[in-house]
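The values are calculated or read from the model by the stated rules, or taken from the named source; none is laboratory data. Owing to the predicted nature of the structure, the values given are computational and were not obtained by experimental measurement. Virtual Cβ from ideal backbone geometry, glycine too; neighbours counted across all protein chains shown. The protein model used for the area step is the full one, side chains on, heavy atoms only, and it has no ligands, DNA or RNA in it. Shrake-Rupley method; radii C 1.70, N 1.55, O 1.52, S 1.80 Å.
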Amino acid sequence: MCFNGFKVELSANTFTAYVQDMPDNRGLRALREQLQPDWFLHWRAGKVYGIPKVNVSQLTQSFGKPVELKCDEHLQLLADRINSALPDIFYQYSVFRFKPFTFLAQKEELVSSIATKIKDLPSLISAFKIKPKFALEAKLVELRHEETFIGLFLRLETRWEILASLSDLQNAGVNLQDLYVVRRQPQPGQRRLVGKISHICEGTVNLLESFDGITSINEDEVWLEGSKTSFVRCLKTLLGDNYDVFESERFIQEANFLTGPALDNILTRMETFLAKKSPMQLAPNLSAYVKGRIEAVNDDSYQTVISASPVEYCFDAARTKRSLYAWSGIEKYGPFSREIFSKKSPEILVIFPDTVQGAVENFLKSFRDGISIKKKVFQDGIEYWEENSKYSGGFAKIFGLVNPKLTLRQIPWLNSKQKPPAVAYREAVAQVLEKTMPDAAIVIVLDEHARLPDSENPYLQSKALLLMAGIPVQGIRASTLGQSRYSLQYTLQNLSVALYAKMNGLPWTVDHDLTISDELVIGIGNCELSGSRFFERQRFVGITTVFRGDGNYLLGNLSQECSYSEYPNILKTSTVSILQDIKRRNGWQPGDTIRLVFHAARPFKNLDVADIVAQCVAEVGEEQNIEFAFLTVSHEHPFTLLDKSQQGISLKDGAKKGQLAPQRGIIVQLGRYTRLLCTNGPALVKMARSPLPTPLLIHLHPQSTYRDLTYLSEQVLKFTSLSWRSLLPASKPVTIYYSELIAELLARLRNIRDWSPALLNIKLRASKWFL
C-alpha cells in the first residue's frame with residue numbers, strides 16, 4: 001500500500017533558527033512583510049521562529065536570538081519551511097495558490113483537446129479552459145507509534161476558467177444573473193471573489209451582493225467565476241445539443257489524469273523531478289532530500305494497515321438473521337422492524353400527470369406485486385425456465401405489509417395547459433389533504449418539470465406541502481417509469497427500501513456487540529440557508545442525527561435559524577436538549593457506562609465544536625460514566641492510497657475498473673489520532689474511467705476520553721452501510737451523509753412560498769424524510 005506522497009529525509013539532526021517572543025500571532029503578518037524576502041517566519045506557542053532564506057552574511061535585516069533546535073522536536077516548523085520553498089523549485093510554472101502550494105499544468109488543456117473531437121463549435125468555446133492542477137503540501141506522518149516524519153503529498157485536480165468577456169457571453173444568449181465574478185488580477189491581500197451578478201450594462205457589472213459593500217465593478221476588471229455552475233449554464237446555451245457530447249468527452253479527458261494508473265504515472269514523474277531538485281536548502285545548516293514514495297507496510301512488531309471484516313447486515317434484534325448483502329437479507333428475512341412496524345396497512349398517495357397514466361399503473365403494479373424475469377436453465381440435459389427476478393415478491397410481501405393502499409390522484413395535464421405545473425400539483429395535494437392523511441406519498445413529475453427552478457418545481461411544491469402535513473415524500477421522474485424490466489427491478493429495490501424507511505421502518509442494522517449500557521453515534525452538521533457566500537448575510541441551521549450503536553435511527557433535529565455569531569450558543573442549547581431527550585428515552589441510570597461518539601464533517605471556522613460538545617456531555621451525563629469521542633470525518637484532505645497489487649475488475653468491453661484502488665475496509669494509520677479509511681473498493685467503482693476513490697480521513701479530537709481508533713474507524717465503515725437511500729454502501733457514514741441530504745433539501749425548500757420546517761422536529765422527527 002503506497003501513498004500519493006514522498007518521504008522527506010533531513011541532512012542533520014539539528015538546525016539553527018532565530019527566536020523572538022510574540023504572545024499571539026496578530027502581528028505576524030506585519031513582521032513577515034517587514035523581513036521579506038530574507039526570512040521565513042513561523043509562530044508557535046508565543047514564539048516566532050525565524051530561518052534565514054539566504055546566507056547569514058547576506059542578511060540585510062536581523063531578527064531574534066540564534067538557537068540550536070532538534071529536528072524531531074520541530075518537524076511542523078520544518079514542514080512549513082518546505083512548503084515555503086516550493087515556489088522556488090517550481091518557478092517556471094504558473095502558481096495558482098500558495099497555501100497549499102498549487103500550480104497549473106503548462107501544456108495540457110482539456111477544452112482544446114475536446115474541441116478537436118467535436119465539429120462546428122462556436123468560437124467562444126476557446127475562452128473556456130480546464131487545466132490539470134497540482135497541489136503539493138508537506139505534512140507530518142506517523143505510520144508507526146512515535147516514528148514521525150515529513151511527507152510531501154501531491155493532490156491532482158482540475159482548474160476551470162472562463163476567459164471570455166461578460167458582454168460576449170451575454171450577447172451569445174447566456175443568462176449571467178446570479179453567477180459570480182472574480183478579479184482578473186487581485187492585489188496582495190485582496191479577495192479574488194467579488195460578488196454575484198445582477199445585470200450588465202454598458203461595460204459595468206452591477207452586483208446583487210458582494211464583499212465590502214461593492215455595488216458595481218468595471219467589466220474589464222473581472223472574469224466570470226470558473227465554477228461548474230457557470231460552465232454548465234454557459235455551455236448548455238453555447239453548445240445546445242452538443243453539450244452532452246462535450247461532457248462525455250470531458251469525462252474521458254479527465255480520466256487521463258485522475259484514474260489510479262494515471263495518478264501513479266504522474267507520481268512517478270513528480271518523484272523524478274523532485275529527486276533532481278534535491279537537496280532543498282531549509283536552513284543554513286540543514287537540507288532536505290526527497291527519498292521515494294511513502295509506503296504503509298506491516299511487520300511482526302507493528303500493524304500500520306488493517307483490513308476490517310466485511311460489514312454484516314442484521315435483520316432481527318438478536319442478530320441471528322444476517323447477510324453480507326442488504327437485499328438478499330431483506331428477501332430472506334424481511335426488514336429488521338418487520339414485527340414491530342406500526343403501519344402494516346399503509347396508505348400511499350400517488351400523484352402523477354394524466355399524460356403518463358398507463359405507464360404509472362404498470363409501474364405501480366410492478367412495485368406492489370413484483371416483477372417476473374425468467375432465465376433459461378439447462379440441467380441434466382433438461383431445458384427449463386427459472387425465476388431470476390431481483391424484485392419478485394413485491395412491496396407488500398417483501399416488507400411484511402397487509403393490503404397497502406395506493407391512492408391515485410391525477411393531475412389533469414392536457415386540460416390545464418395555462419396553469420403552471422407547480423400550481424397544478426400544489427392544488428391537487430391540497431385537495432387530497434382535505435379528505436385524507438396518507439402515510440406517505442409518491443410524486444411523479446415529467447422530466448422537463450423536474451428541471452424547473454426550485455420556486456417553480458412541482459415536486460418541491462408538493463413535497464413542501466406534504467412535509468408540513470407530516471407526510472414523507474418519494475419523487476420519481478416519468479422517464480423512470482419506462483425502464484426495461486431488468487433496470488426496473490433495481491429501481492424498485494431502492495424505491496421500496498427508501499419508502500419503508502420514510503414511514504419510520506427500519507430496513508436493516510449492522511452487527512454490533514454492545515458491552516456497555518448504551519452507545520449512541522451522533523452526527524453534527526449544519527446548513528447555510530441563505531445561499532449567500534458573503535458572511536454578513538449567511539444564516540445557519542444546526543442539523544443533528546442520532547443513531548444507536550447498531551445504526552438504528554432514533555431521531556433527527558433541526559436547531560433554530562441563527563447567524564454565525566449566534567451558532568455556538570444555539571449548538572450548545574440544541575445538543576443539551578437532544579442528549580437530555582435521549583437520556584430519558586433510553587433510561588440512563590446513575591452509574592451506567594454510556595459511550596457517545598460524535599461525527600462532524602469538517603471543522604467550523606474559528607469554532608471548536610468538539611469543545612462545545614464536550615461541555616454538553618459533561619452537563620447531561622453527570623450521573624453516568626461517559627465515554628466520549630469526537631471524530632472529524634471528511635474527504636477533504638490531501639491524502640490518497642494506491643494498492644499496487646490491485647489489477648482491477650474486468651468489464652464486458654475488456655476494460656478494467658478500480659485499478660490500484662484499495663479494497664473497501666482498509667484502515668491505515670496516518671498519525672496518532674488520525675486514520676485513513678477506504679470505503680469505495682474496486683467493486684464500488686462505477687467505470688474504468690472513474691477517478692481513484694479518495695479515502696475518508698478520520699481524526700480523533702485529543703479531548704476525547706474514548707480513544708480506540710480501530711474500533712471507531714470500523715464503526716465509521718459500518719455506518720457507510722446504513723444508507724437506506726440505496727442498497728449500495730455510501731462513500732461516507734450516514735451521520736455525515738444524512739446531514740448533507742437534509743442540508744440540500746432545506747436549502748431548496750427555502751425557495752418555496754409559505755414553507756416552514758417546524759413540523760420536521762415534531763411529526764417527522766423519527767422519519768428519514770430526506771432520503
| request: Taking the residues in region 39-79 that are among the small types (G, A, S) and touching a Gly at 6+ places or on another chain (Cβ under 8 Å) as candidates, determine which candidate is modelled with the highest pLDDT. | output: G50
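Can you name the residue in region 440-463 that is more than 18 Å from K419 (Cβ to Cβ) and in contact (Cβ under 8 Å) with a residue 24 or more places away in the chain and is also nearest to the chain's Cα centre (by Cα) among such residues?
Here is the first cut: in region 440-463, the residues more than 18 Å from K419 (Cβ to Cβ) are 440-442, 447, 451, 454, 463.
From what's left, in contact (Cβ under 8 Å) with a residue 24 or more places away in the chain: 440-442, 447, 454, 463.
Details: A440: 28, A441: 28, I442: 27, D447: 26, D454: 22, K463: 24 Å.
The residue in question is D454.
A quick yes/no check of all residues on (1) among the aromatic types (F, W, Y); (2) touching a Pro at 6+ places or on another chain (Cβ under 6 Å); (3) open to solvent by less than 20 Å² (accessible area, probe 1.4 Å):
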| residue | (1), (2), (3) |
| --- | --- |
| F3 | yes, no, yes |
| V8 | no, no, yes |
| A17 | no, no, yes |
| G27 | no, no, no |
| L35 | no, no, yes |
| T60 | no, no, no |
| K70 | no, no, no |
| When you go through (1) more than 17 Å from L163 (Cβ to Cβ); (2) part of a strand (DSSP E or B) one by one for V205, which number turns out not to apply? | (1)
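Every residue, every condition in (1) open to solvent by 40 Å² or more (accessible area, probe 1.4 Å); (2) more than 23 Å from D511 (Cα to Cα); (3) not charged (D, E, K, R), yes or no:
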position: L684; (1), (2), (3): yes, no, yes
position: S690; (1), (2), (3): no, yes, yes
position: P693; (1), (2), (3): no, yes, yes
position: T705; (1), (2), (3): yes, yes, yes
position: Y711; (1), (2), (3): yes, no, yes
position: F719; (1), (2), (3): no, no, yes
position: S723; (1), (2), (3): no, no, yes
position: S726; (1), (2), (3): no, no, yes
position: V734; (1), (2), (3): no, no, yes
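Here's a check for you: in region 94-117, which residue that is of a type in the set (S, T, Y) and out of contact with any helix residue (DSSP H, G or I) (no Cβ under 9 Å at 6 or more places or on another chain) is least open to solvent (accessible area, probe 1.4 Å)?
Filtering region 94-117 for residues that are of a type in the set (S, T, Y) and out of contact with any helix residue (DSSP H, G or I) (no Cβ under 9 Å at 6 or more places or on another chain), the one least open to solvent (accessible area, probe 1.4 Å) comes out as T102.
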| request: Give just the number: which of (1) more than 21 Å from L10 (Cβ to Cβ); (2) surrounded by 13 or more Cβ atoms within 10 Å (Cβ to Cβ) does K65 not satisfy? | output: (2)
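Could you check, for region 118-127, whether at least one of its residues is open to solvent by 30 Å² or more (accessible area, probe 1.4 Å) and closer than 24 Å to A296 by Cα?
Of all residues in region 118-127, those open to solvent by 30 Å² or more (accessible area, probe 1.4 Å) come to 119-124, 126.
With closer than 24 Å to A296 by Cα added as a condition, the list becomes none.
No, that holds for no residue.
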| task | Of all residues in region 201-235, count the ones that are under 16 Å from D168 (Cβ atoms) and among the polar types (S, T, N, Q). | result | 3
| task | Could you pull out the residue among T148, T204, T215 that is at pLDDT 95 or above, surrounded by fewer than 19 Cβ atoms within 10 Å (Cβ to Cβ), touching a strand residue (DSSP E or B) at 6+ places or on another chain (Cβ under 9 Å) and of a type in the set (S, T, Y)? | result | T148
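Hey, can you tell me all the residues within region 263-310 that are among the basic types (K, R) and either surrounded by 16 or more Cβ atoms within 10 Å (Cβ to Cβ) or touching a strand residue (DSSP E or B) at 6+ places or on another chain (Cβ under 8 Å) (or both)?
Taking region 263-310 first, the residues among the basic types (K, R) are 269, 276-277, 291, 293.
Selection gives K277, K291, R293.
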| request: Considering (1) under 26 Å from the mean Cα position of the chain (by Cα); (2) farther than 24 Å from P733 by Cα, say which one I578 fails and leave the rest. | output: (2)
| remark: Picked from region 640-667 (must be touching a Ser or Thr at 6+ places or on another chain (Cβ under 9 Å) and polar (S, T, N, Q)), the residue nearest to A262 (Cα to Cα) is Q659
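For region 365-399, which residues satisfy the criterion of being assigned to a loop (DSSP other than H, G, I, E, B) and either free of Cβ contacts under 8 Å to residues at least 12 places away in the same chain or in contact with an Asp or Glu (Cβ under 6 Å, 6 or more places away or on another chain) (or both)? Before you say what the answer is, go through the steps one by one.
Let us first name the residues in region 365-399 that are assigned to a loop (DSSP other than H, G, I, E, B), namely 370-373, 380-381, 388-394.
Scanning region 365-399 gives D380, G381, G394.
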| field | Within region 471-498, tally of residues that are in contact with a Pro (Cβ under 8 Å, 6 or more places away or on another chain) and either under 24 Å from T355 (Cβ atoms) or surrounded by fewer than 17 Cβ atoms within 10 Å (Cβ to Cβ) (or both) | value | 1
| note | Scanning region 250-264 for residues that are of a type outside the set (D, E, K, R), out of contact with any helix residue (DSSP H, G or I) (no Cβ under 9 Å at 6 or more places or on another chain) and either without any contact (Cβ under 8 Å) to a residue 40 or more places away in the chain or closer than 21 Å to P662 by Cα (or both) gives L258, T259, G260, P261
| message | For the condition within 30 Å of L152 (Cα to Cα), not β-branched (V, I, T) and not in a strand (DSSP E or B), what is the one hit in Q170, Q177, Q185? | response | Q185
| Hits in region 716-744 - residues which are under 17 Å from D550 (Cα atoms), small (G, A, S) and assigned to a helix (DSSP H, G or I) | none
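Of E622, E627, E636, which residue is within 25 Å of the chain's Cα centre (by Cα) and among the charged types (D, E, K, R)? Spell out the reasoning first.
Values: E622 fails: within 25 Å of the chain's Cα centre (by Cα); E627 fails: within 25 Å of the chain's Cα centre (by Cα).
The conditions single out E636.
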| query | Among (1) out of contact with any His (no Cβ under 8 Å at 6 or more places or on another chain); (2) open to solvent by 40 Å² or more (accessible area, probe 1.4 Å), where does D80 come up short? | reply | (1)
| said: Here is a list: V141, V181, V194. Which entry is more than 30 Å from I89 (Cα to Cα) and touching a residue at least 40 places away in the same chain (Cβ under 8 Å)? | reply: V181
| Which one is modelled with the lowest pLDDT among residues in region 736-771 that are of a type in the set (K, R) and surrounded by fewer than 24 Cβ atoms within 10 Å (Cβ to Cβ)? | K763
| note | Expected output for region 663-685 (first residue free of Cβ contacts under 8 Å to residues at least 24 places away in the same chain, partner surrounded by 22 or more Cβ atoms within 10 Å (Cβ to Cβ), Cβ below 6 Å, 6+ apart or cross-chain) is G681/R664
| request: Please enumerate the residues belonging to region 1-57 that are part of a loop (DSSP other than H, G, I, E, B), over 36 Å from the mean Cα position of the chain (by Cα), farther than 20 Å from D72 by Cβ and touching a residue at least 40 places away in the same chain (Cβ under 8 Å). | output: N55
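Residue under question is E108, and the condition is that it be at pLDDT 95 or above and within 30 Å of the chain's Cα centre (by Cα); does it hold? I'd like the intermediate steps shown before the answer.
Values: at pLDDT 95 or above: no; within 30 Å of the chain's Cα centre (by Cα): yes.
Considered against the rule, which asks whether it is at pLDDT 95 or above and within 30 Å of the chain's Cα centre (by Cα), E108 comes out as no.
Does region 224-231 contain at least one residue that is in a strand (DSSP E or B), modelled with pLDDT of 95 or more and closer than 30 Å to K117 by Cα? If you could, list the steps in order and put the result at the bottom.
Looking only at region 224-231, we keep the residues that are in a strand (DSSP E or B), and these are 224.
Remaining after also requiring modelled with pLDDT of 95 or more: 224.
Imposing the further condition that a residue be closer than 30 Å to K117 by Cα reduces the set to 224.
Among the residues of region 224-231, at least one is in a strand (DSSP E or B), modelled with pLDDT of 95 or more and closer than 30 Å to K117 by Cα, which makes the answer yes.
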| query | How many residues does region 227-244 hold that are surrounded by 18 or more Cβ atoms within 10 Å (Cβ to Cβ) and small (G, A, S)? | reply | 1
